[in-house]
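The values are calculated or read from the model by the stated rules, or taken from the named source; none is laboratory data. Computed from a prediction, not measured in an experiment: that's the story for all the values here. Please note: Cβ atoms are built from the backbone with ideal geometry, for glycine as well, and neighbour counts cover all protein chains shown. Ligands, DNA and RNA are excluded from the accessible area calculation, which covers all protein heavy atoms including side chains. Shrake-Rupley method; radii C 1.70, N 1.55, O 1.52, S 1.80 Å.
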Amino acid sequence: MTPVHARIRSTGHCVPERVLTNQDLERMVTTSDEWIRDRTGIERRHIVSPGETNLDLCEKAARSALAAAGLEASDLDLILVATTTPNQVFPNMGVLLQERLGGHGYPCTSLEAACAGFIYGLAVANSLIQTGQAHRALVVGGETLSRITDYTDRSTCILFGDGAGAVILEAASEPGILSTHIHADGAYKDLLYYPSGISQGFDRLRESVDFIQMKGSEVFRVAVNTLSHLALETLEKAGVGCADLSWFVPHQANLRIIQAITRKLGLPLERVVLTIAEHGNTSTASIPMALDVAVRDGRIQRGQLLLFEAFGGGFTWGSALVRY
Ligand code: UT7
């Protein structure tokens, strides 16, 4: 039997219209445009307006990916939405998105793996396609982190933005997703987290609104080491070198993290897709958003070799090597 592979058929993304600039943040906390650009590479981020939700962003990103492929929702047979900021606890975001798009019957769910969620989604969809359980999957990363960001905490509020990115994966005779590598280590759970959850009861939520908690410099250090090793391991297992890579599409958490990784890899920054200046850190949405930007502006071309990598709260981390 011919082996089944999965390949990326199309991409899409969406950012909210509302923009929060570094100058806006200078008026909200003790910070400066210069500090934020120097320490993170971020110039602005998009955030949702009152009433606008993650599902709205996911729907726009998904419709854009469907349109790029000339497909309808009825052509899909799987939806996975990676997010930590779902519209509601259940139905899950995949089902809510299916209802918006107008599909019926096929499996839909959400995945929660913080900033690495999109890579987890890609790994799951790839496996389901390879084992014949799905033929065409919509994988979305979507976040509204502005809803859980403390805009009085200068160490976190300068980082995060909102947005959604989507890819359509489909069965193919030639490999597109060459490999995926996903990992987690709960020993680091206290370095980056959001404290509230339904199972803890509602008293805590009634008392005050909780926000993202992060020990930034410790996260930074582990992220650089872990992602550098993972990149080398991913390339080595595939028998390719950095020189074979057309584009590195990393999670956009901090420009300095990306620069440190590329230095360790010996990869020129010209071969990295960077959207952090415009989008900030959009967690699980950042890779599919960056991918779509570079596909649409013509940098990423069919046949090129791409490396995706992400790291986030948990810690969770992962990579994917992709022949686009
Ligand atoms: O998305 C997945 C995971 N998340 C990440 O990967 C984020 C990883 N961490 C980071 O990106 C960086 O650690 C930050 C951007 C959050 C912080 O940068 P840093 O270079 O690690 O700064 P720091 O936390 O070591 O703080 C250095 C100084 C401190 O002042 P003192 O104690 O040296 O006087 C902070 O109070 O910078 C101060 N500081 C600020 N100053 C101006 C912290 N935030 C700000 C700010 N503006 N917004």
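Just to be sure before I move on: is SER196 hydroxyl-bearing (Ser, Thr, Tyr), modelled with pLDDT under 95, closer than 22 Å to ALA184 by Cα and away from the ligand (no atom under 14 Å from the Cβ) in the structure I sent? Answer is yes for this residue. Out of ASP185, ASP150, ASP190, one residue alone is within 15 Å of the ligand (Cβ to nearest atom) and assigned by TED's automatic domain parsing to the domain that holds VAL29. It is ASP150.
Mind listing just one residue for me: the one in the stretch 76-122 that is away from the ligand (no atom under 16 Å from the Cβ) and hydroxyl-bearing (Ser, Thr, Tyr) and, of those, least open to solvent (accessible area, probe 1.4 Å)? Within the stretch 76-122, the match that is least open to solvent (accessible area, probe 1.4 Å) is TYR106.
Within the stretch 126-144, the residues that satisfy the criterion of being touching an Asp or Glu at 6+ places or on another chain (Cβ under 8 Å) and not in a strand (DSSP E or B) are ILE129, ALA134, HIS135. A Cβ distance below 6 Å, combined with a sequence gap of six or more or placement on separate chains, defines the contacts here; from the stretch 20-33, residues that are within 10 Å of the ligand (Cβ to nearest atom) reach no residue that is at pLDDT below 95 and assigned to a helix (DSSP H, G or I). Going through (1) free of Cβ contacts under 8 Å to residues at least 60 places away in the same chain; (2) crowded, with 23+ Cβ neighbours inside 10 Å one by one, ALA187 falls short only on (2).
Within the stretch 250-286, how many residues are touching an Asp or Glu at 6+ places or on another chain (Cβ under 8 Å) and either within 26 Å of ILE47 (Cβ to Cβ) or open to solvent by 20 Å² or more (accessible area, probe 1.4 Å) (or both)? Residues meeting the conditions: 8. ARG9 fulfils the conditions (1) over 27 Å from ALA320 (Cβ atoms); (2) buried (at least 18 other Cβ atoms within 10 Å of the Cβ); (3) basic (Lys, Arg) except for a single criterion, (1). Restricting the search to the stretch 199-216, which residues are at pLDDT 85 or above and either among the basic types (Lys, Arg) or open to solvent by less than 90 Å² (accessible area, probe 1.4 Å) (or both)? Of everything in the stretch 199-216, those that are at pLDDT 85 or above and either among the basic types (Lys, Arg) or open to solvent by less than 90 Å² (accessible area, probe 1.4 Å) (or both) turn out to be ASP210, PHE211, ILE212, GLN213, MET214, LYS215, GLY216.
Checking the stretch 5-20 against the condition returns a match, with at least one residue being part of a strand (DSSP E or B) and of a type in the set (Lys, Arg). Filtering SER146, SER127, SER155 for residues that are without any contact (Cβ under 8 Å) to a residue 60 or more places away in the chain and hydroxyl-bearing (Ser, Thr, Tyr) leaves a single hit, SER127.
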